[in-house]
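The values are calculated or read from the model by the stated rules, or taken from the named source; none is laboratory data. Since the model is a prediction, treat every value here as computed from it, not as a measurement. Don't worry about glycine lacking a Cβ; one is built from the backbone with ideal geometry, like all the others, and counts go over all protein chains shown.
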Amino acid sequence: MSRISNNQIFDQSINSILRAQVRVSEAQERVNTGRAIVNPSDDPVGAALTIRLTEQLNQLNQFQRNNDLLTNSLEQEEAVLRSINDAVLRARQLAIQAGNGALGTQDRVAIGLEIETIRDQIFDLFNSQDADGNYIFAGSQSQSPAFIFDPTSTGNIYQFQGDETVSQIQISDNVILDTGDSGKVIFEDVLARLSSDVTASTAASANSTISDQGSFDRFFFANYDAITPANNNFRLTVNGAGNQIAVSNVGTGAALGTFNFVSGSPFVFNGIQFDLTAAPGDTVDFSLNTPQKKNFAETLNDFSVVLGNENISDSAYEQALSDVLIGLDNGLESLANATSGIGGRLNVSQSVLASNQDLVISNEEARRDIREVDTAEAIADLAQQTSALEASQATFTRVTQLSLFDFL
Amino acid sequence: MTIRTDLFNIGSSGLRAANAQLNSASNNIANVNTEGYSRERNTLVSSQIGGVVIQGVERIVDRFAIAQLRRDNSAVEEASAFTDNASRIDDILANEANSVAESLSRFYGALQTSVDEPTNIAARDLVLGQADAVLGQINTLESFLANRQSDLNQEIDSIVQEANGLIQNIADLNLQIQVLSNTAGADSPTALLDARDQAILDLSGIVGISTRPGENSTVQVDLSSGQSLVLQDGTFNFFEISGDPDLNFTSLSLAVPDSSFTVPVGDEADVGGQLGGLFRFRNEVLSETQRDLGLIALTFADALNSQNNLGLDFDGQIGPDIFSIDDFQGLNYAANADLNSTLIGRIADGESDRVTSRDYRVTVDNVVAGGPTIDVTIEAINPDGSPVLDSSGNAISQTLTGLNATSGVFNATFDGIEIDFASGTSYTAGDQFLLQPSRSAGSRIDLALTRPEDLAYASPIRVESNIANLGDASISGSTVTNTSIGAIADSSAFTAAAGIQGPGASPTGGGGVGAPVEVFFTAADSFELRDAAGTVVVAVNGATNLSNVIAQGAATAGYPAQFLPPNRTDYPGYDISIQGVPRAGDSFTIAFNVDPVTGVPGVEDNRNGQQLAALETDDVVRRSNSDGFLATGDPASSPSAQSLVGVSELYSIIVSDVGQQTARSQVVRDAAEVLQQQSRNRVDETSGVNLDEEAANLIRFQQAYSATARVISTAQALFDSILNATG
């Protein structure tokens, strides 16, 4: 026969009340905090996951802020480049206008004045600043203007003085984009018109002009030797019959071909037109000039000087017109490349922004699923635990009131 | 037929018996709430000569139920002590305000924002503020843990005293019970037996014990691991606590009273009961957490320091350390010849990814005064002093010979640690020191930067393409791996005067070439590395790609041997990659990132800043403790990628580890409580007082008393009737 002691009756009742109280308090805390994980021990794996998800969310939010910053700065740069593009197109129009043979000196001076204004406008745009006063095209030297005007310089007087380092912004785990471009790459690294000159001649007369810039450029790039300057010298030799010209490289001695020739009429070799009056055995030396790089301001400045020069020869004026048109076209090409580069980065930043947003949503959902409690379930649970406690309390008084001594 | 005694005698024996039974019942009722009380019952036998004999008072106990209760009591107390303490750490880690991961997140958020706008000084200032907050956060947790440790020591101290009191109590009771049981005719000493059982039960809550019945109702008490606590002859052993070498990391031993003889208990975490639970909590949770948290602080600080050192600050100087990391002292073992000997350790700069959460025991093997050199053996040990085992189960230990024993000279050892024999050669062979590189390392770290300008967001090199270049190649990237300045083997090409070593200043000496600072193309796939004077350092022909061109040059015959290991481990310390097709004559130059004309550094440059920000997710903490030693300062022995985790990741691992241990111990405790409840029920069923039963007994014994009283009155009546008949 099993027996039960008085202590057991009390202990069991009290223990069940205590246990019920703990469960009520846990259920209450879940309802109050809305958290399924109050302590990491409630769900150790979930707790670690929550920490990582929170960290990722913070990082994603930071990436979104970075993205806004990147977009702002790229859009500002795009606007500046558009203004420069408009100004250059206007200058190009004026340059074509200046080629009109009917223009008098006064008209050229007037065009020159407008070109100067455009030059100053572009120079000003080169030195655009962002909201914090940083020069956006100066690379990492953003505290000083990207371009300076140095009239005493022997080379270009509109000079880039920043560097090529561009600050970067991280917009996702793996995507880091440049926030802008260096003026050196967009504006400064632009070829001026390539040219060649007759350097020596035994002929009666020898002049050269570039009649076909396209084929000359191809010849130039195929043959220009930056390391050995002597290899940039070429020689035309008239044959004994006086009806053919052999072309050779002075430095290497390589023969470039033999072409028919009539003295007194133009001889065209790879876009270079020689006006040549030569007898058999005459030689004409010409060389490829070292390529120059000029920015818009420099090109326009050169042109404005020419427009202001009343005593310029027609051929020099022609050369200057070619210089400005080709210089501006080369610059516009570089500008177009930069603009499409910006567009590309803006596209990437937009798509990263969208995918980051998706990640934020899915991470938040995942964190909610792990960490937060189903409110309805939690409240139902609290009610259940509360009634269990009430039942324990009720039975306590019942059970402990029973005593045989009451009947003695 | 036996001759019976008379009615009077029978009646009076009955009265005595009923009286004794009433006494027992009353005693049971009176002791209904006395802890450890076992109900009593009188043993009655009928006498051969008539009447009843009271043989004695008997405690109703179930010896096996009591033994079971003791075992379950030990288990419950052990699990409760562990759970109570672990859940306090669990609680503090649960609090988001205390989350190191959150503060790391805020720090890197501020860093990103600041890196986005490198010229914004206010944003840089915020980075320093957040860096301080991270340290503060780690320090808060570390001091909480340190307080827990000192509280724990006090708790262990008072529990040990309580245990010693109980041991003495049991021994005393043993003696008294022995005396009483030897006294003929004395009643069974039920109260003393109850008191001894209660004392043993209390002791079983403190440590796991087993008992053996001895002669003369004595009992022998042993630790469950075997050592004796109370012996039959009345002698006993005391617990003693001591800390060697770490006074705060106590260990348990048994001492024989009035003698200097002590026996270590062995594995404290295995003694069971409350003490075992506390020691186990200390070894498995507290110590681990302290070390892991220290590891977070160390790697966080060191990784940022190293990366900042690779950059150029707002003032155009190589970035200084962001945090200062103090050296740590080795702890003397008590057996050392001179307890004033000091051994100093530190973490080698930039090698925090080799540091583990292990402790190390350094044993001095041999001292050569003339050298002065010292040979040592270094063992990896756990917080409790046991050896760390590698994956094949062997202890990890290695001997180093011929270390420089000059005070102030740090010797490379293992796992990113360098040691300085601060006491020169005044060590004795056999001296031992305990190194705890990661324990509470956060308290050794301070924010060293006060000027936000010193955050090095820029790269120390500027790479420029020559404006006369005609090819379409451009620079696709630059890396900086070393900026240290000086004449030692790990120095770079950077000079103290904010420049790069030119001819004469470089390791090739006078007349030699300088560090490569120009890449000059002689053909689309061939280039020359040139120094600042334009002298060719090495020519590379037929390159298949143009990435890391300086490394390609270094791998080409003709590259100066003075630039290569072992003369220079990482020279010049930078490299560049080029993409696109260059033309012969194109060149790219590398210069110190300061404008040559104005002297202004590249302040808008944030290449190094991106690297700093990337540390948020970089894996820089070595997590595997069972790996072998990695030599300090040896680039050839670097930690494997799979053994590394990120800094915040380690924090989440800590949280989940502590959570798991707490959860597991809660389950163990709940299960043990159920078992304890069952065995307590078993004991109570047998020995507990039931008032209803006693009430019934009272009536029963009262009736017996009345009945025997009637026997006497009947005898009286009989006697009277005889008197009357004769009268």
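Applying the set (1) within 14 Å of chain A (Cβ to nearest Cβ); (2) in contact with a Ser or Thr (Cβ under 8 Å, 6 or more places away or on another chain); (3) of a type outside the set (A, V, I, L, M) to B:Thr522 leaves exactly one unmet item: (2). Note on the range B:441-483: residues that are at the interface with chain A (Cβ under 9 Å from one of its Cβ atoms) and of a type in the set (A, V, I, L, M, F, W, C) amount to 6.
The test for being more than 14 Å from every other protein chain (Cβ to nearest Cβ), touching a strand residue (DSSP E or B) at 6+ places or on another chain (Cβ under 6 Å), over 20 Å from B:Gly585 (Cα atoms) and at pLDDT 90 or above does not hold for A:Phe234. A:Arg398: buried (at least 17 other Cβ atoms within 10 Å of the Cβ), charged (D, E, K, R) and farther than 18 Å from A:Arg19 by Cβ, yes or no? In short, no. Among the residues of the range B:365-413, the ones that are among the hydroxyl-bearing types (Ser, Thr, Tyr), surrounded by 14 or more Cβ atoms within 10 Å (Cβ to Cβ) and in a strand (DSSP E or B) come to 3 in all. For the range B:93-108, the candidate set comprises residues that are facing another protein chain (nearest Cβ under 10 Å) and aliphatic (A, V, I, L, M); within that set, the residue that is surrounded by the fewest Cβ atoms within 10 Å (Cβ to Cβ) is B:Ala94. Beta carbons closer than 6 Å, at least 6 apart along the sequence or on distinct chains, pair a first residue in the range B:401-429 that is at pLDDT 90 or above with a second that is of a type in the set (Gly, Ala, Ser) and not in a loop (DSSP other than H, G, I, E, B) for B:Ile417/B:Gly345; B:Glu418/B:Ala412; B:Ile419/B:Gly345. Taken over the range A:351-387, residues that are in contact (Cβ under 8 Å) with a residue 40 or more places away in the chain and within 29 Å of the chain's Cα centre (by Cα) amount to 7.
Just one of (1) hydrophobic (A, V, I, L, M, F, W, C); (2) in contact with an Asp or Glu (Cβ under 6 Å, 6 or more places away or on another chain); (3) free of Cβ contacts under 8 Å to residues at least 60 places away in the same chain fails for A:Ala110. It is (2). Would it be correct to say that A:Leu49 is in contact with a strand residue (DSSP E or B) (Cβ under 7 Å, 6 or more places away or on another chain), at the interface with another protein chain (Cβ under 9 Å from one of its Cβ atoms), crowded, with 17+ Cβ neighbours inside 10 Å and hydrophobic (A, V, I, L, M, F, W, C)? No. Screening B:Gly486 on (1) surrounded by fewer than 18 Cβ atoms within 10 Å (Cβ to Cβ); (2) away from chain A (no Cβ under 14 Å); (3) farther than 22 Å from A:Gln161 by Cα; (4) touching a residue at least 12 places away in the same chain (Cβ under 8 Å) shows it passes everything except condition (4). The single condition from (1) under 31 Å from the mean Cα position of the chain (by Cα); (2) touching a residue at least 24 places away in the same chain (Cβ under 8 Å) that B:Leu175 fails is (1).
No other residue among B:Val689, B:Val683 is facing chain A (nearest Cβ under 10 Å), of a type in the set (Val, Ile, Thr) and not in a helix (DSSP H, G or I) apart from B:Val689.
For the range A:20-38, what are the residues that are free of Cβ contacts under 8 Å to residues at least 24 places away in the same chain and either in contact with a strand residue (DSSP E or B) (Cβ under 6 Å, 6 or more places away or on another chain) or more than 13 Å from chain B (Cβ to nearest Cβ) (or both)? A:Ser25, A:Asn32, listed by residue number. Criterion applied to A:Leu321, A:Leu346, A:Leu325, A:Leu335 was being more than 30 Å from A:Ser195 (Cα to Cα), in contact (Cβ under 8 Å) with a residue 60 or more places away in the chain, in a helix (DSSP H, G or I) and touching a helix residue (DSSP H, G or I) at 6+ places or on another chain (Cβ under 7 Å), and the one residue passing it is A:Leu346. Got at least one residue in the range B:105-112 being in contact with a helix residue (DSSP H, G or I) (Cβ under 9 Å, 6 or more places away or on another chain) and without any contact (Cβ under 8 Å) to a residue 24 or more places away in the chain? Among the residues of the range B:105-112, at least one is in contact with a helix residue (DSSP H, G or I) (Cβ under 9 Å, 6 or more places away or on another chain) and without any contact (Cβ under 8 Å) to a residue 24 or more places away in the chain, which makes the answer yes.
Of the numbered conditions (1) buried (at least 17 other Cβ atoms within 10 Å of the Cβ); (2) of a type outside the set (Ser, Thr, Tyr); (3) within 26 Å of B:Leu650 (Cβ to Cβ), B:Asn332 fails exactly one; give the number of that condition. The one condition B:Asn332 does not meet is (3). Would you check if there is a residue in the range A:189-199 being more than 8 Å from chain B (Cβ to nearest Cβ), among the small types (Gly, Ala, Ser) and closer than 29 Å to A:Ser263 by Cβ? Yes, the range A:189-199 contains at least one residue that is more than 8 Å from chain B (Cβ to nearest Cβ), among the small types (Gly, Ala, Ser) and closer than 29 Å to A:Ser263 by Cβ. Scanning the range A:151-174 for residues that are within 21 Å of A:Ala297 (Cβ to Cβ) and away from chain B (no Cβ under 11 Å), we see that the one that is surrounded by the most Cβ atoms within 10 Å (Cβ to Cβ) is A:Tyr158. Take the conditions free of Cβ contacts under 8 Å to residues at least 12 places away in the same chain and buried (at least 17 other Cβ atoms within 10 Å of the Cβ) and apply them to B:Ala532. Does it pass? Taking the combined requirement at face value, the residue does not satisfy it.
Taking the conditions (1) closer than 30 Å to A:Thr258 by Cα; (2) modelled with pLDDT of 90 or more in turn, A:Ile157 satisfies each one other than (1). Looking for something at pLDDT 85 or above and either in contact with a Phe, Trp or Tyr (Cβ under 9 Å, 6 or more places away or on another chain) or farther than 30 Å from B:Asp618 by Cβ (or both) - is there at least one such residue anywhere in the range B:254-266? Yes; the residues of the range B:254-266 include at least one that is at pLDDT 85 or above and either in contact with a Phe, Trp or Tyr (Cβ under 9 Å, 6 or more places away or on another chain) or farther than 30 Å from B:Asp618 by Cβ (or both). Answer yes or no: is there a residue in the range A:258-270 that is under 14 Å from A:Ser208 (Cα atoms), within 43 Å of the chain's Cα centre (by Cα) and among the hydrophobic types (A, V, I, L, M, F, W, C). Yes, the range A:258-270 contains at least one residue that is under 14 Å from A:Ser208 (Cα atoms), within 43 Å of the chain's Cα centre (by Cα) and among the hydrophobic types (A, V, I, L, M, F, W, C).
Has the range B:228-239 got any residue that is within 16 Å of B:Ser74 (Cα to Cα), surrounded by fewer than 18 Cβ atoms within 10 Å (Cβ to Cβ) and at pLDDT 85 or above? Within the range B:228-239 (the criterion being within 16 Å of B:Ser74 (Cα to Cα), surrounded by fewer than 18 Cβ atoms within 10 Å (Cβ to Cβ) and at pLDDT 85 or above), the answer is no, since none of the residues qualifies.
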